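Here's the structure we're looking at; comments come further down.
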Amino acid sequence: MTPVITAFAASPDRGRGLARDMGVRWACEEVGLDYDVRLVSFAEMKQPAHLARQPFGQIPTYEAGDLMLFESAAILLHIAERHAGLLPADADARARAIVWMFAAVSTIEPPIVEREQTGHAERDAPWYEARLPLLDARVRTRLAALSQRLGDADWLDGDFSAGDLMMVQVLRRLAGEALLAEHGNLAAYVARGEARPAFARAFAAQLAVFTAQSAAH
Ligand code: GTB
């Protein structure tokens, strides 16, 4: 059965693969799982049909028969647990790979998203200039520790895993930012992830949505 994921009909990232369907697409590509995509508009995401899939009115979701999942990290874990290629066979190594998935979304991502959202929502606020260094510092603290741990390794714990996929996708939100470039090993880590053929296929698929949408308007 081919699973169906949901993605933005018109992604605000303009095809840069930063919306969270990208990680799900990438995971499917890594394990060789075909998937279909249901594109949803912002209005549709808030309608009962989509809220039944995703209670917060967001993308992505993942539907396979009677199984309906939301939360991109949980979807990724589900895919990785059922298909070879994203989690090691050894139980302890598997547990460590899952730790990195959690670290990506619960330790590294929050300060990155807070900084990003403050930049969008509070740029004109009187406190913005004073707050920015604090937000940068929080991101720097996390990146410094991550960089230290990664060291000269290609991936966070042995072979490429779902933990690396999630971490690279989180770090991609800092693409082109000095904060990431400050750590050469992290910038190279992201580039290594992006160089994977599965990443390229997933990226092309989401970019095709943006290209088609732009051509239609
Ligand atoms: N924790 C949930 C998950 O991981 O699945 C979060 C899902 C989520 O944030 N979805 C966003 C969404 O549906 C899209 S990905 N937002 C619409 C809404 O909440 O109404 C987040 C995202 C959006 C845009 C960019 N961008 O433009 O660069 C990057 C990331």
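General observations
- Taking residues in segment 155-182 that are in the same structural domain as R115 (by TED's automatic domain parsing), and partners anywhere that are among the acidic types (D, E), the pairs with Cβ atoms closer than 6 Å and at least 6 places apart or on different chains are W155/D164; L156/D164; V170/E109.
- Count - residues of segment 4-28 that are outside any loop (DSSP other than H, G, I, E, B), more than 18 Å from M68 (Cα to Cα) and among the charged types (D, E, K, R): 0
- Enumeration of residues in segment 19-37 that are more than 9 Å from the ligand (Cβ to nearest atom) and in contact with a strand residue (DSSP E or B) (Cβ under 6 Å, 6 or more places away or on another chain): Y35, D36, V37
- The set of residues in segment 9-18 being buried (at least 21 other Cβ atoms within 10 Å of the Cβ) and more than 7 Å from the ligand (Cβ to nearest atom) consists of G17 alone.
- L186 under 27 Å from A74 (Cβ atoms) and modelled with pLDDT of 95 or more: yes
- Residue count for segment 58-79, restricted to those that are outside any strand (DSSP E or B) and either assigned by TED's automatic domain parsing to the domain that holds D164 or within 15 Å of the ligand (Cβ to nearest atom) (or both): 12
- Condition check for R142: surrounded by 14 or more Cβ atoms within 10 Å (Cβ to Cβ), closer than 23 Å to G184 by Cα and touching a residue at least 24 places away in the same chain (Cβ under 8 Å): yes
- Per this entry, I98 is not counted among residues that are crowded, with 17+ Cβ neighbours inside 10 Å, within 14 Å of the ligand (Cβ to nearest atom) and either in the same structural domain as R131 (by TED's automatic domain parsing) or more than 25 Å from L150 (Cα to Cα) (or both).
- Scan of segment 114-133 for residues that are part of a helix (DSSP H, G or I) and either surrounded by 14 or more Cβ atoms within 10 Å (Cβ to Cβ) or not aliphatic (A, V, I, L, M) (or both), ordered by number: E114, R115, E116, Q117, T118, G119, H120, Y128, E129, R131, L132, P133
- Being surrounded by fewer than 19 Cβ atoms within 10 Å (Cβ to Cβ) and of a type in the set (G, A, S) is a property that holds for A43.
- Of all positions in segment 34-54, at least one carries a residue that is under 18 Å from H83 (Cα atoms) and in a loop (DSSP other than H, G, I, E, B).
- Of all residues in segment 46-57, those satisfying the criterion of being more than 9 Å from the ligand (Cβ to nearest atom) and surrounded by fewer than 18 Cβ atoms within 10 Å (Cβ to Cβ) are Q47, P48, A49, L51, A52, P55.
Yes or no, residue by residue, for (1) at pLDDT 95 or above; (2) of a type in the set (D, E, K, R); (3) more than 24 Å from G17 (Cα to Cα):
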position: R94; (1), (2), (3): yes, yes, yes
position: G119; (1), (2), (3): no, no, no
position: P126; (1), (2), (3): no, no, yes
position: L132; (1), (2), (3): no, no, yes
position: R142; (1), (2), (3): yes, yes, no
position: G158; (1), (2), (3): yes, no, yes
position: V168; (1), (2), (3): yes, no, no
position: E182; (1), (2), (3): yes, yes, no
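- The residue of segment 195-206 that is farthest from the chain's Cα centre (by Cα), among those that are of a type outside the set (G, A, S) and surrounded by 16 or more Cβ atoms within 10 Å (Cβ to Cβ), is R196.
- Selection status of V40, away from the ligand (no atom under 11 Å from the Cβ) and β-branched (V, I, T): no
The values are calculated or read from the model by the stated rules, or taken from the named source; none is laboratory data. All figures in this text were calculated on a predicted structure; none of them were measured in a lab. Every residue, glycine among them, receives a Cβ derived from its backbone with ideal geometry; neighbour counts consider all protein chains shown.
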